[in-house]
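Rule-based calculations on the coordinates, nothing more; no lab input. Since the structure is predicted, the reported quantities are computational estimates derived from the model, not experimental observations.
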Amino acid sequence: MKQLKNNTYNYFRNVAKSKSKLNMWTTFEDFKNSCKGKGYSNGFVACNARATNDYKDRTTCVYLCDRYYNPVIKQFFIDKNVTINEDIWALSELLQWVFRSAIREHKEINIYIPSKRMRELFKDWIDN
């Protein structure tokens, strides 16, 4: 967690060189306190945030989640012979979150996604 927090701080401060009021980041609620840091703590936006324009000015985004379907709900669907594509679901969750940012205003954003799986899903979606 310390490494993730340090990497997040480094991204905001040295890579994107973003002003704190333009920062937006997320992780799972249980890990929020472990990941928050100087210069970006106030930019937390829940990973399941929906239907809000409150963050449409945020241009530097950090997504500290690797989303998987709830295993109980997944098993329910499996028992009903319903197929779930966990990658598409995870991507849709990421996209919902990203579209809380300035991208909804057709502005360029910077985004850091440390999870290889989530980053590849996002890159593949952009490329296709």
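Segment 56-128 has equivalent-ellipsoid semi-axes of 28, 12, 11 Å, by the square roots of 5 times the alpha carbon gyration tensor eigenvalues, sorted largest first.
Mean-square fluctuations from a GNM of the chain, with a 10 angstrom spring cutoff on Cα atoms, peak among Tyr68, Tyr40, Tyr112 at Tyr68. For the options Ile109, Ile88, Ile78, a Gaussian network treatment of the chain with springs between C-alpha atoms closer than 10 Å singles out Ile78 as fluctuating the most. Rounded, prolate or oblate for segment 1-54? Axes are the square roots of the Cα gyration tensor eigenvalues, ordered a ≥ b ≥ c, and the cut-off for rounded is a/c under 1.5. Oblate, because a/c is 1.5 or more while a/b does not exceed b/c. The sum of -39500 (n - 2.57) across all DSSP H runs of n ≥ 4, divided by the residue count of the chain, sets its helix-only mean residue ellipticity at 222 nm to -10500 deg cm²/dmol. In the chain, the inverse of the mean reciprocal separation of distinct Cα atoms equals 15.4 Å; this is its Kirkwood hydrodynamic radius.
Pairs from the list Lys21/Lys123; Lys32/Lys107; Lys36/Lys123; Lys17/Lys38 with a Cα-Cα gap above 20 Å: Lys21/Lys123; Lys32/Lys107; Lys36/Lys123. Scalar couplings 3J(HN,Hα) for segment 21-29, obtained by applying the Karplus form with A = 6.51, B = -1.76, C = 1.60 to θ = phi - 60°, are 6, 9, 8, 9, 8, 8, 7, 5, 3 Hz; x denotes Gly and Pro.
Couplings for segment 51-65, taken from phi via the Karplus curve 6.51 cos²θ - 1.76 cosθ + 1.60 with θ = phi - 60°, read 6, 9, 9, 5, 10, 5, 9, 6, 10, 10, 10, 10, 10, 9, 10 Hz in order; Gly and Pro are left as x.
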